[in-house]
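Here's the structure we're looking at; comments come further down.
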Amino acid sequence: MTAPHPLDNPIWSALQTEHVRFALGNSLAARYLPDIGPLSAVCHPSPSAYDALRGLAAPGESLAVFLLTPPEPQPGWSLLRSEPLDQMILQNQGSDSSGISHSGLDEPLSSTAWGLDPQLLLRRLTAADVPAMRELASLTEPGPFRQHTCELGCFWGVFKGESLLAMAGQRLHLPHFVEVSAVCTHPNARGRGLARILVRVSMHHILHHGRTPFLHVLPGNESAIRVYRALGFVLRRDLHLAVFRRESC
């Protein structure tokens, strides 16, 4: 029997390998630390696995799971959200060859080299930027972003003065693959290609470290999918996003 691909259960794969230091769980279920985020996984969907996951959540807490099939009701859980999710992977690693060196991806970055207005600043984000990152994520809802989410990987942002206009970074890390995530732009700065530039920066960083970029996007987000396809990403497979809330008793 062929072993499942690690990207078929990417949250589980990350929590069992390169993100084990951020994990709570056992052989049946795992989750990220609460101050990292609600992403969680079961090794295989089963009543015993969901019961194990329930032991990792506080009463009333919501957890998000990526599944291969639509979720089914589970004892002790309320299903708050269920929808398809596209998993995309970079197929043609030369499709965005811009001649930009992988070196120098730490701050500061040359805005003009990446095609930005020279009045804007492109740089790697730090812990000091977390309030601005959380504010932007709250406004644009690219996915859950908590106090220590930025510890999962490298994040970059575009600034005008002191204002964070857009950001993107890395979330799930597992052998050979790194997820591009938290791609978002302030509503007042959209239409300027900022998200595309930041995804390219993150892609170059991942490729420089010998990994393959992948990402997740809702199938209805057609504008984002067009950008990702133009950068060389293709649909790898369909997943399902499920958000469960632990019942109090």
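The values are calculated or read from the model by the stated rules, or taken from the named source; none is laboratory data. The structure presented is a predicted model; accordingly, all values stated were derived computationally and were not measured. Cβ placement follows ideal geometry from the backbone for every residue including glycine, while neighbour counts extend to all protein chains displayed.
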Restricting attention to the stretch 104-120, does a residue exist that is of a type in the set (Phe, Trp, Tyr) and modelled with pLDDT of 95 or more? no
Residue under evaluation residue 173, criteria (1) in a helix (DSSP H, G or I); (2) under 24 Å from residue 128 (Cβ atoms), criterion not met: (1)
Only unsatisfied item for residue 150, checking (1) modelled with pLDDT of 95 or more; (2) in a helix (DSSP H, G or I), is (1)
Among the residues of the stretch 175-191, write down those that are over 21 Å from residue 10 (Cβ atoms) and touching a residue at least 24 places away in the same chain (Cβ under 8 Å). 185, 186, 187, 189
Flag if residue 30 is buried (at least 17 other Cβ atoms within 10 Å of the Cβ) and not in a helix (DSSP H, G or I): yes
Please state which of the following conditions residue 191 fails to meet, knowing it meets all the rest: (1) on the phi < 0 side of the Ramachandran plot; (2) surrounded by fewer than 20 Cβ atoms within 10 Å (Cβ to Cβ); (3) not in a helix (DSSP H, G or I). (1)
Restricting the stretch 35-49 to residues that are touching a Leu at 6+ places or on another chain (Cβ under 9 Å), touching a residue at least 40 places away in the same chain (Cβ under 8 Å) and assigned to a loop (DSSP other than H, G, I, E, B), which is surrounded by the fewest Cβ atoms within 10 Å (Cβ to Cβ)? 38
Failed item, numbered, when residue 140 is tested on (1) in contact with a Cys (Cβ under 6 Å, 6 or more places away or on another chain); (2) among the hydroxyl-bearing types (Ser, Thr, Tyr); (3) surrounded by fewer than 18 Cβ atoms within 10 Å (Cβ to Cβ): (3)
Hey, among the residues in the stretch 144-172 that are touching a residue at least 60 places away in the same chain (Cβ under 8 Å) and surrounded by fewer than 20 Cβ atoms within 10 Å (Cβ to Cβ), which one's nearest to residue 194 (Cα to Cα)? 144
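For (1) part of a helix (DSSP H, G or I); (2) out of contact with any Gly (no Cβ under 7 Å at 6 or more places or on another chain); (3) modelled with pLDDT of 95 or more; (4) small (Gly, Ala, Ser), each residue gets a yes or a no:
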{"site": "158", "(1), (2), (3), (4)": "no, yes, yes, no"}
{"site": "169", "(1), (2), (3), (4)": "no, no, yes, yes"}
{"site": "179", "(1), (2), (3), (4)": "no, yes, yes, no"}
{"site": "199", "(1), (2), (3), (4)": "yes, yes, yes, no"}
{"site": "204", "(1), (2), (3), (4)": "yes, yes, no, no"}
{"site": "215", "(1), (2), (3), (4)": "no, yes, yes, no"}
{"site": "236", "(1), (2), (3), (4)": "no, yes, yes, no"}
{"site": "241", "(1), (2), (3), (4)": "no, yes, yes, no"}
{"site": "245", "(1), (2), (3), (4)": "no, no, yes, no"}
